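The values are calculated or read from the model by the stated rules, or taken from the named source; none is laboratory data. Computed from a predicted model, the values in this text were never measured in an experiment. Don't worry about glycine lacking a Cβ; one is built from the backbone with ideal geometry, like all the others, and counts go over all protein chains shown. The protein model used for the area step is the full one, side chains on, heavy atoms only, and it has no ligands, DNA or RNA in it. Shrake-Rupley method; radii C 1.70, N 1.55, O 1.52, S 1.80 Å.
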Amino acid sequence: MASFLVRWHLGLLTTALAVALIGLPVSHDLNLDWSVEGMFPQNDPTVEAYRHLQERFGAKDICLAVYHDPELWDASGAGLKRLEEISEGLAKVDGIQAVLSLSELNQVLKTVRGPMRLFANHDGSPLLDPNDKLAQALARVFESYTHRPETNYVAIACMLETVDSESRPGPSDHEVTLQRIDDFMKQIPSPAALGMVTGEPVLVAEGFKMVQRDGIRLGITCSVIVSLVLLLCFRSLRWTLIPMAVVHWSLIATQASLVWLAMDLTMISSTLTSIVTVIGVATSIHLLLRFQEERRCGVERRQALESTLCVLLKPIFFACVTDAVGFCALLFANVGPVRDFGLMMAMGSMAVFFAIILVVPGLALLGPWDTDPRTPKLDLALRLMLRRVLKSCLKLRRTGLVSLFLVLTLSVWGSLRMQVESDFTKNFRADSPLMQGYSVIEDELGGAGVWDVMLPAPTNLSAEYLRAVEELEQELRDLRVELAGTDDDGVAGEIRLTKVLSIIDAVRALDAEMMTRMIAPLARLKLMQSAMPDFSQALLTQAPDDNGQHWLRIMLRSQEQVPAAAKSALVLRVQKLVQERCQSEEWKQMLGISFVKDKLPIAEVAGYHVMLGRLVENVLADQWRCFFIATGGVFVIMCIAIGSWKLAAVTLIPNSLPILLVLGYLGWTGTRANMGVALIAAVSLGLSIDSSIHYLSHYRRRISEGSKPRKAMQSAQENVGLAALLATIALVAGFVTLCISEFEPTVVFGGLASVTLLGGLLGNLIILPLLIAGKD
């Protein structure tokens, strides 16, 4: 095989170039799926509830346009007049179906009183009249949702138009609309200032944009930094470009294949570039050092390359196959994007092998210039250091094994204590404009968590049904969840729903005036529907669903930046209360249906707030099962590659240790796991297993040539260890650049990837020799 690759190196390189030229434009069509619901299993009840919300109420995702106006409550009415103008301007922005603010309530009064206005002043400017009971009652309906009397911050709720599912993936319609809203808010007239856009749709859009940007950054900066490290070490432009050519050809081939298979990247699989870079650079450096060794012995260039390939093709092949098998274990996950991620990484792993056989021979033998990589200046010093490390390990073998057992035990124990971060806002830096906007919502306007309750409703709303919904709303307002003892943060106090709002609250507000109080409740409902049609349609379905059922929506607001346990407890309490009420005999009678229990329309709790709270937990849910399946698959391939089940079993320990140490550290320190931890848990084996295969292949080859085990181990330590050390230095230098990202999961992934690479290096250079030693 090696002889064939060397003989036909130009033909193979031409083939590689043709594949790259065909695949490059295709790879640019690879999209990022921006949907959060795609990060859950297809039948997940949280996603089902969110889809029902979209179907029943037209997918009215809501964002908040917030600004500060020192004249908001000025007696002249200038601030409220400005609010009216800004609301009207936002209503005209493409992608916004309707807006809701304090000024929008004018329309209600116009409908109820004819020409009279909610804000009546002697000069016609809007002014909230403190003596107008109806005006005050209507204003209180939206208090803590759009405004608070004690603050000069005000929010305008923007109901976004439905996103056509066919328009995904790629930058979503919401992302474009949110950018338009942001541009508009930056131009609001003074003295209004600090215009910003917040809400769960903004978090999701910003998160995906940052993931996309960080993927590009990793591709560029990692390539530049790894190239500089290789250039400094080997002082050869040719052998600096070869690893980069392997990586980028593999990426082009993989991305083009994904496009042809109609697959899309997600927030999970955005690490494709990093994994391919790890495998490609590490594999290339093993080839480079072996080729350099052959040339130092005076072997002619073609023969040196053939000898190098002859020795390393088998371990390279099995290293790539092992990576692919490990990633294929993710196909057993319940979450679609996790399964796609496993398939993508497996394809990327095998693409590296094809890049090695197509690209490396041609580039290594092309032309007479810069033919050989130079010996690193610290080559001898590094080899001596690796030899001393081995000698010390073998000398203290028993102590080392005991220490390894203790570390493994503590790591596994700690990993079982790990907690998940459910606050999606923690994925962004606290000093970012987005988080500053969220702090305003949290502190000034009642909280940034927006979610909903969907209740089955009769075709014709009865006074009895309206009263029952009012009672349920009051029970929701009375819910309290204690914070003390729920979190390691030691936060005391309680959390509650800061706003509970439905169309019925607006109807009841009309009781404040004698004239409207005399109108029957159902007539008042019709009045509100004609006064605020968009708002009413978003809260009460006008037509039945496919099952002939009408639905009523209760909008909830709560604090977002609270301990995870308390947030989950509040969601569960709301779900339990709603289910209990809607399963009662009273509700069955009000719905006018006689049925058995399993046919009862089920009330649901839905919204981005609920989904984002479970996002990381959901991605991590299958990690342990997939990790054990990956371990089993890797063990089988290692048995075939090495020819010894004992040595194959031994390799699993140093390669599992880095991620166990990371998860154990998180568990013992109480650090919460975010998306970055979820990603590194999935790819941990692929970051270090390659070096183990090369190490054991070298070790077994030396023994077959007649060396004693100790001598064979020393040779593997110096040769394979040096390649692993140089590859780790280059890769860590590249991954560290991710730590400057504004997206915290990317920062965590960059840091943990670096730590895992270093841990894998130490595992293969210290722990692996400890475990395989025993013969002289």
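Order these peptides, 452-458, 697-703, by their mean beta-carbon neighbour count within 10 angstrom, highest first.
452-458, 697-703
So what is the orientation-averaged projected area of segment 492-548, using the convex hull of its C-alpha atoms, in nm²?
6.7
Run the Debye formula on the Cα coordinates of segment 301-439, all scatterers equal and no solvent, and tell me log10 I(q)/I(0) at q = 0.22 1/Å.
-1.21
With the crude spin-label approximation of a point 7 Å out along Cα→Cβ, what separation in nm comes out for residue 401 versus residue 589?
It works out to 7.6 nm between the two label points.
Counting pairwise Cα distances across segment 256-310, what percent come out greater than 20 angstrom?
So the portion of pairs separated by more than 20 Å is 49 percent.
May I ask for log10 I(q)/I(0) of segment 272-356 at q = 0.12, 0.16, 0.22 Å⁻¹, from a Debye sum over the Cα atoms as equal point scatterers with solvent left out?
For the requested q values the scattering log ratios are -0.43, -0.64, -0.95.
Give me the extension gain from residue 705 to residue 37: residue separation times 0.36 nm, minus the current Cα-Cα distance, reported in nm with one decimal.
234.8 nm
For segment 192-309, what are the per-bin percents of Cα-Cα distances with bins 10 Å wide, up to the bin holding the maximum?
In order of increasing distance, the bins hold 12, 31, 25, 17, 9, 4, 2, 0 percent.
Which entry is the computed P(r) over Cα pairs in 10 Å bins from 0, in percent for this structure: (i) 2, 9, 12, 11, 9, 9, 8, 8, 8, 9, 8, 5, 2, 1, 0, 0; (ii) 2, 10, 17, 18, 17, 14, 10, 6, 3, 1, 0, 0; (iii) 2, 13, 20, 20, 15, 12, 9, 6, 3, 1, 0?
(iii)
Which part of segment 633-666 falls in the paramagnetic zone of residue 412, meaning amide N under 17 Å from the point 7 Å along Cα-to-beta-carbon?
Residues passing the 17 Å test: 649-665.
At 0.36 nm per residue, and after removing the present C-alpha to C-alpha distance, how many nm does the segment from residue 391 to residue 1 gain when stretched out fully?
Residue separation times 0.36 nm, minus the Cα-Cα distance, leaves 136.7 nm.
In whole percent, what relative contact order does segment 311-409 give with Cα contacts below 8 Å and a gap of six or more residues?
Dividing the mean separation by the residue count of segment 311-409 yields 18 percent.
Quick check: with the 1.4 Å probe, what order do 581, 148, 496 take by accessible area, largest first?
Accessible-area ranking of 581, 148, 496, largest first: 496, 581, 148.
For residue 391, tell me the accessible area in Å² from a 1.4 Å probe, rounded to the nearest 10.
About 150 Å², rounded to the nearest 10.
Mind ordering 720-729, 300-309 by average Cβ neighbours within 10 Å, highest first?
720-729, 300-309
Run the helix sum for the chain: -39,500 (n - 2.57) per DSSP H stretch of 4+ residues, divided by residue count, reported at 222 nm to the nearest 500 deg cm²/dmol.
Result for the chain, helices only: -20000 deg cm²/dmol.
Hey, can you find the accessible area per residue of the chain for me, probe 1.4 Å, expressed in square angstrom?
Value returned for the chain: 40 Å² of accessible area per residue.
Suppose each label sits 7 Å from its Cα in the direction of the beta carbon; what would the residue 303-residue 179 distance come out to in nanometres?
6.1
May I ask you to give the percent of accessible area on the chain that is carbon plus sulfur, with a probe radius of 1.4 Å?
Its accessible area is 59 percent carbon and sulfur atoms.
Provide Rg and Dmax in Å for segment 1-92, with only Cα atoms included in the calculation.
When restricted to the Cα atoms of segment 1-92, Rg and Dmax are 28.7, 90 Å.
Give or take rounding to whole Å, what are the principal axis extents of the alpha carbon atoms in segment 218-284, in descending order?
42, 20, 17
How much FRET efficiency would the formula 1/(1 + (r/R0)^6) give for residue 148 and residue 260, where r is the Cβ-Cβ distance and R0 is 56 Å, rounded to 0.05?
The formula returns an efficiency of 0.55 here.
Expressed as a rounded percentage, what relative contact order does segment 389-527 have, with Cα pairs under 8 Å and six or more residues apart?
14
How many nm is it between the label spots at residue 374 and residue 26, if each spot is 7 Å from the Cα in line with the beta carbon?
4.1
What does the charge add up to near residue 240, with Lys and Arg as +1, Asp and Glu as -1, over the other residues with Cβ less than 12 Å from its Cβ?
Summing Lys/Arg as +1 and Asp/Glu as -1 gives +2.
Averaging sequence separations of C-alpha pairs under 8 Å and six or more residues apart, then dividing by the length of the chain, give the relative contact order as a whole percent.
Computed value for the chain: 20 percent relative contact order.
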